[in-house]
Amino acid sequence: MLFGTEDDVYAVFAVADEVRELSKKVVESLHELGISRTVMLTGDNQLTAEAVGRQVGVKDIQAELLPEDKLSYIKQLRNEHERVAMIGDGVNDAPALAASTVGIAMGGAGTDTALETADVALMSDDLKQLPYLVALSRKALRIIKQNIAFSLGLKLLALLLVVPGWLTLWIAILADMGATLLVTGNGLRLLKRKKNRDEI
């Protein structure tokens, strides 16, 4: 911002959003979890964006973007990578959130448009929930695959026991109840993730 008259400039003010203290550690945690590339898309000017990027540890910075520019860049990233997650909270982020594989909106400060467009809404502005979210979703997917494989395997085993006539009603009931209990118990392992939520 410039302060002065039509002929002379008396002062120049540079204004930037305050960087959250946890931002750098969150980015590092995401990289440790295997997130191969982090990109900052912003409407701020290039110098401000680069200064913020250096503070948080993001090297790929795209600045001075309009909403359609963010959308185009997300589409480009989707062509280059199998999956792309977009995190945003403003109206300007909504098109890019919709175009990403997974759109994540910051619930506390997020606009209604961003919250409605996103696939996931964090119910607060706590950035350390991001690595927790990634780790939890990966573990949930692993458990779902394990449960499906176990259930199908048990049904196949029961089917094979039918052929020689070894499958009795009681064995079938025990196998079905046992499968239900084991699948439920395996799913309950997700509750352990709550203990590690505040590690960052």
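The values are calculated or read from the model by the stated rules, or taken from the named source; none is laboratory data. Please read all numbers here as calculations on a predicted model, not as lab measurements. Every residue, glycine among them, receives a Cβ derived from its backbone with ideal geometry; neighbour counts consider all protein chains shown.
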Report task. May I ask you to list the residues in the range 165-184 that are modelled with pLDDT under 85 and at negative phi? Result -> 166, 167, 168, 169, 170, 171, 172, 173, 174, 175, 176, 178
Requested in this report: Only residues that are within 19 Å of residue 131 (Cα to Cα), of a type in the set (Val, Ile, Thr) and out of contact with any Leu (no Cβ under 7 Å at 6 or more places or on another chain): list them for the range 14-38, please.
Outcome: 19, 27, 35
Query raised in the report: So which of 69, 60, 44 ends up being modelled with pLDDT of 90 or more, over 30 Å from residue 136 (Cα atoms) and among the charged types (D, E, K, R)?
Result: 69
**Report entry** Number of the condition not met by residue 18 [criteria: (1) modelled with pLDDT of 90 or more; (2) not in a helix (DSSP H, G or I)]
**Finding:** (1)
Query raised in the report: Hey, any hits in the range 162-172 for a residue that's part of a helix (DSSP H, G or I) and polar (S, T, N, Q)?
Result: no
Query raised in the report: So which of 121, 99, 135, 85 ends up being more than 11 Å from the chain's Cα centre (by Cα) and small (Gly, Ala, Ser)?
Result: 99
